[in-house]
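These notes concern the structure reproduced below.
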Amino acid sequence: MGGIFKAYDVRGIYPEQLNEALARKIGRAFQFVLDADDRACGNAVVVSRDMRSHSEPLCRELIAGLTESGLDVIDIGLATTPMNYFAVGSLGTAGGIQVTASHNPARYNGLKFSRHGARPVSGDHGIPLM
């Protein structure tokens, strides 16, 4: 599992490395990334996905994990990563997650994370906690 956790995101081949079960676990763990400053605005997290065929089931399980951990989810559906970041900032949520593999080949998928104010989650703050 360590190979898919990168400096600023999670990326792997679907479903061998990144699948629905892991997306749900990551959803449960995301609460530990959000600190007191992030949570001062509440427990809401923005979630969105790209148009890859496997993004929808990954997103569904990610949302299940987030809600199991006590976070509230605002699902904005099909969106780009900048749209997700904009929603996090403009809605004032505790953070956000975009299901996307960005520029990677079709067999890949991934997750990009942000904290309150659309601040990045990175190896220095957050990803090791998951």
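Here PHE113 fulfils each of the conditions (1) touching a Pro at 6+ places or on another chain (Cβ under 9 Å); (2) under 15 Å from GLU20 (Cα atoms); (3) touching a residue at least 60 places away in the same chain (Cβ under 8 Å) apart from (2). Counting only helices (runs of 4 or more DSSP H) that fall entirely inside the range 1-90 and contain at least 3 residues that are in contact with a Lys or Arg (Cβ under 8 Å, 6 or more places away or on another chain) and on the phi < 0 side of the Ramachandran plot, the qualifying elements are 55-68. In the set (1) at pLDDT below 95; (2) surrounded by fewer than 22 Cβ atoms within 10 Å (Cβ to Cβ), the condition left unmet by ALA101 is number (2). Remark: GLY89 matches the filter, which requires a residue to be surrounded by 14 or more Cβ atoms within 10 Å (Cβ to Cβ) and of a type in the set (Gly, Ala, Ser).
Check the range 61-73 and report whether any residue there is over 14 Å from ARG28 (Cα atoms), modelled with pLDDT of 95 or more and surrounded by fewer than 21 Cβ atoms within 10 Å (Cβ to Cβ).
Going through the range 61-73, the residues over 14 Å from ARG28 (Cα atoms) turn out to be none.
No, that holds for no residue.
In this entry, ILE63 is excluded by the filter for residues that are in contact with a Leu (Cβ under 9 Å, 6 or more places away or on another chain) and of a type in the set (Val, Ile, Thr). Residues in the range 116-125 that are touching a residue at least 40 places away in the same chain (Cβ under 8 Å) and under 20 Å from PHE86 (Cβ atoms) were compared, and the one that is surrounded by the most Cβ atoms within 10 Å (Cβ to Cβ) is VAL121.
The values are calculated or read from the model by the stated rules, or taken from the named source; none is laboratory data. Predicted, not measured: the structure shown is a model, and the values here were computed from it. Ideal geometry is used to build each Cβ from the backbone, glycine not excepted, and the neighbour counts take in all protein chains shown.
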